[in-house]
Every structure is written in structure tokens, then in C-alpha cells.
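Where a number appears in this text, it was derived from the coordinates with a stated rule and is not lab data. Not measured: the values here are computed from a predicted model. Here the Cβ is made from the backbone with ideal geometry for all residues, glycine too, and neighbour counts use every protein chain on show.
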Amino acid sequence: MVIQTKIKGRAYGEYIALYGKKAINLATLVKEAGMEILPRSFLKEMIRFVKRNSLITIYGKDSKNICCMYCLKAHLLRTAHESNLDNQARAIFTFLKCSEGHRGYYIDKKNLIKIGD
Ligand SMILES: [Zn+2]
């Protein structure tokens, strides 16, 4: 299967999530967690989440957007559930060995979202 590595001309590798002292770029995540099977809309939403919740943004030729993995994981769980993709998305949550959100909540833009609501 061909891995979709670009969305609108931007590579997944430019989007990075941090957890603890670890960082993972989304190209690695998509590949290693077997996310190629997920719909493009789901992958696009993942990119959009990192972009709108970028904690560190590096501009220029090697631009990077870096977000919190705990929040990203919580958001992906919610998005998968809302899109009836729980089974297809399970591999991501097994792959990402961090908790989802922070004590039952995650942040999206300036909103504090309760997990499970
Ligand atoms: Zn977070």
C-alpha cells in the first residue's frame, strides 16, 4: 500500500507530537501504527489538530508544528468514535503508549474538553 505522505503539499513529517521526553512525527505514526487504512478525512483532522494546537511552531523551509500527544490521542479517540472508526483506529491507541488527555480532559484550541462527553 502506498503511504500518503503529503496533504495539500505538506508532509506529515512536519507535524510532531510530544509526550514526556519523546517526540513522534506523524509520518512515523501513520506508518508504524498502520493508519493508512483510515479515511483521508481522519488523517486530515489529525493534521489540523496538530496545527491548531501547535505549542511550538518553527517557520521556514523546514517548518514544524509540535503539539501535545496526550491531547492528540484524546482527540483522535473522540474523532474515531464519532466516525464509527473505533476498530480501525485501535492500532493507534495501542501504538501510542501514553494516556489520553490529562486527568480526563484535553485541550483543543482554547477549549477544555471532557473525555467521554
Ligand atoms: Zn495535552
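Worth a mention:
- Qualifying residue in region 89-111 (condition: within 13 Å of the ligand (Cβ to nearest atom), assigned to a strand (DSSP E or B), surrounded by fewer than 13 Cβ atoms within 10 Å (Cβ to Cβ) and among the hydrophobic types (A, V, I, L, M, F, W, C)): no
- Lys31 of a type outside the set (Phe, Trp, Tyr), more than 16 Å from the ligand (Cβ to nearest atom) and assigned to a loop (DSSP other than H, G, I, E, B): no
- Restricting the first member to region 94-106 and to residues that are farther than 23 Å from Val30 by Cα, and the second to residues that are more than 10 Å from the ligand (Cβ to nearest atom), the beta-carbon pairs closer than 6 Å and six or more apart or on different chains are Gly104/Ile115; Tyr105/Leu112; Tyr105/Lys114.
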